[in-house]
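Just below is one structure, and these are the notes that go with it.
The values are calculated or read from the model by the stated rules, or taken from the named source; none is laboratory data. Source: prediction; values computed, not measured. Counting neighbours? That spans all protein chains shown, and the Cβs are built from the backbone with ideal geometry, glycine included.
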Amino acid sequence: MTSTVYWGSPRQAQLDASETLPAKLDLILDKLDIRQRVKDQRVAIKLHLGGNVGYSTVHPVFIRKVVQAVLEGGGKPFVTDLPHAVESAHKRGYTAETLGCPLYATTGIDGKWVTAHPYDYCQMTEFYMGGAIEEASFLIDLAHVKGHPVTGWGAALKNIALGCMDGRTRSAMHDVSHYEPYFFKEKCPDEATRVAIRESCPYGAIVDDQEDPGGLHLHHFKCNQCMRCQAVANGAFEIQRGAFMAFLEVCNISAKLVLDTFEPGNTTFINLATQLTPVCDCFGFTGMPVLPDVGVFGSDDLVALEQATLDMLADKPIIEENLPGMMEIVSRDGHPWQWIHGPYKDPNEQLVMAEQIGLGSREYTLVDVLPVQEPDFKAVQYIPAGP
Ligand code: SF4
């Protein structure tokens, strides 16, 4: 199946508001027939509202466009995110007044407004989904595209996979990377070798295991698979692709559980790819962009939307002068996000798995909602200015 992805380029020909990204988001909302679909629906607009001094999350101007379209269509919108993000949202400019609708925490004030969804994966048996998501009848997943230290990148899929679940579920989801053993005491000859493995990581990704004295614990989010540790590990400590893939897969499962709570046709997805920082908005600050802006995307197909966004970035080089000093390019193979987060954090592979569990199609047609009409300066004679 080929899905349609609507795209608004960040490029302008004219210095005019009609060619800006908010205007192109309006055109995408028209193409998605938002107004015609939301009458009397309780519409959850799922955002990542960030934290602390982050300022690269989706700007209120864009959110207001979505809210306005829902209101004009007779829907009842609310913006939603995790409790701590909603509680501090006003500090970053997100209020009912600026957005045009109320903000509710996905899982309630204390994170306890949840429903259990049984699903067996690694050590997990249940996913606890936010009540605000369950009570909504229509979902608009409005995401900011950026890098992410565990998934490689974060956009619409991650926005709902992690952002609609409670704290214990998010924690358990991160722990699936530890399901298969990666430190093998029987192969570690002595304490000096164990310490050498730990100290070999320049990123501090390997630490003492607090729950298993004499063991080692890997912080997968810090590991870019540079493999320096493998030179001293002699098989006692393994960097395993499957551990990284497990987190990508559990995110797909979680997203599927979320989308299955909505009637077919009552979900839509938007990616805003501006200010592409190297790590997630949950870090609570905004770093320099490491990839160029590539615009705004919208689709009813989550996988198609994510694939189109990834593809648009695929041939863009990392802006190396903007990389934080503690990050490096470990490889120039694969997607640019893999250059800095490592080959095992493979966003394309996540979409292959997402397609397999029925989250959508990687086949898409990209429709530019306002193709740039470049002015033809050559058609007019150039007359140099005089002295
Ligand atoms: S692969 Fe590199 S980043 Fe990962 S734990 Fe080993 S040394 Fe650290």
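The set of residues in segment 86-119 being within 20 Å of S254 (Cα to Cα) and touching a strand residue (DSSP E or B) at 6+ places or on another chain (Cβ under 9 Å) consists of A105, T106, T107, G108, G111, W113, V114, T115, A116, H117, P118, Y119. The residue list F285, F297 contains one member that is part of a loop (DSSP other than H, G, I, E, B) and either of a type outside the set (G, A, S) or closer than 18 Å to K46 by Cα (or both), which is F285.
Within segment 224-257, take every residue that is crowded, with 16+ Cβ neighbours inside 10 Å and among the small types (G, A, S) and give me the one that is farthest from the ligand (Cβ to nearest atom). Per the criteria, the residue is A255.
Taken together, the residues in segment 210-223 that are within 14 Å of the ligand (Cβ to nearest atom), in a loop (DSSP other than H, G, I, E, B) and not hydrophobic (A, V, I, L, M, F, W, C) amount to 1. For segment 94-115, does any single residue satisfy the condition of being in contact with an Asp or Glu (Cβ under 6 Å, 6 or more places away or on another chain), assigned to a strand (DSSP E or B), in contact (Cβ under 8 Å) with a residue 12 or more places away in the chain and surrounded by 17 or more Cβ atoms within 10 Å (Cβ to Cβ)? Within segment 94-115, one or more residues are in contact with an Asp or Glu (Cβ under 6 Å, 6 or more places away or on another chain), assigned to a strand (DSSP E or B), in contact (Cβ under 8 Å) with a residue 12 or more places away in the chain and surrounded by 17 or more Cβ atoms within 10 Å (Cβ to Cβ).
For segment 341-361, the condition holds for at least one residue, the condition being that it is small (G, A, S), surrounded by 13 or more Cβ atoms within 10 Å (Cβ to Cβ) and more than 19 Å from M1 (Cα to Cα). Restrict the check to segment 364-371 and report whether at least one residue is polar (S, T, N, Q), touching a residue at least 60 places away in the same chain (Cβ under 8 Å) and surrounded by fewer than 23 Cβ atoms within 10 Å (Cβ to Cβ). Yes; the residues of segment 364-371 include at least one that is polar (S, T, N, Q), touching a residue at least 60 places away in the same chain (Cβ under 8 Å) and surrounded by fewer than 23 Cβ atoms within 10 Å (Cβ to Cβ). Filter segment 258-293 down to residues that are of a type in the set (G, A, S) and closer than 29 Å to I357 by Cβ and give me whichever is surrounded by the most Cβ atoms within 10 Å (Cβ to Cβ). The extreme case among them is A273. Where strands (runs of 3 or more DSSP E) fall entirely within segment 123-202, those with at least 1 residues that are modelled with pLDDT under 95 are at 146-148, 152-154. Every test in (1) surrounded by 16 or more Cβ atoms within 10 Å (Cβ to Cβ); (2) under 29 Å from L49 (Cβ atoms); (3) within 11 Å of the ligand (Cβ to nearest atom) is passed by R170 save one, and that test is (3). Listed by first and then second residue, the pairs with beta-carbon distance under 6 Å, at least 6 apart or on different chains, first residue in segment 28-55 and surrounded by 19 or more Cβ atoms within 10 Å (Cβ to Cβ), second part of a loop (DSSP other than H, G, I, E, B) and of a type in the set (F, W, Y), are L49/Y94; G54/F285. For K91, the stated conditions do not hold, so it cannot be described as part of a helix (DSSP H, G or I), of a type outside the set (A, V, I, L, M, F, W, C) and buried (at least 19 other Cβ atoms within 10 Å of the Cβ). Scanning segment 251-287 for residues being in contact with a strand residue (DSSP E or B) (Cβ under 6 Å, 6 or more places away or on another chain) and at positive phi gives a total of 0. Only one of the numbered conditions (1) in contact with a Lys or Arg (Cβ under 7 Å, 6 or more places away or on another chain); (2) within 16 Å of the ligand (Cβ to nearest atom); (3) among the β-branched types (V, I, T) is violated by V303, and that is (2). Going by what's in this entry, would V207 be described as within 16 Å of the ligand (Cβ to nearest atom) and touching a Leu at 6+ places or on another chain (Cβ under 8 Å)? It is true that V207 is within 16 Å of the ligand (Cβ to nearest atom) and touching a Leu at 6+ places or on another chain (Cβ under 8 Å). Evaluate segment 344-361: report whether one residue or more is aliphatic (A, V, I, L, M) and either over 24 Å from R241 (Cα atoms) or at pLDDT below 95 (or both). No, the conditions are met nowhere in segment 344-361. Residues in segment 224-259 that are under 19 Å from I329 (Cβ atoms) and outside any helix (DSSP H, G or I): N224, Q225, C226, M227, R228, C229, I239. Residues that are in contact with a strand residue (DSSP E or B) (Cβ under 6 Å, 6 or more places away or on another chain), under 27 Å from F269 (Cβ atoms), among the hydroxyl-bearing types (S, T, Y) and not in a loop (DSSP other than H, G, I, E, B) do occur in segment 343-366, at least one of them. Taking (1) at pLDDT 95 or above; (2) away from the ligand (no atom under 15 Å from the Cβ); (3) charged (D, E, K, R) in turn, D281 satisfies each apart from (1). Being in a helix (DSSP H, G or I) and closer than 23 Å to D300 by Cα, is that true of even one residue in segment 36-43? Among the residues of segment 36-43, at least one is in a helix (DSSP H, G or I) and closer than 23 Å to D300 by Cα, which makes the answer yes.
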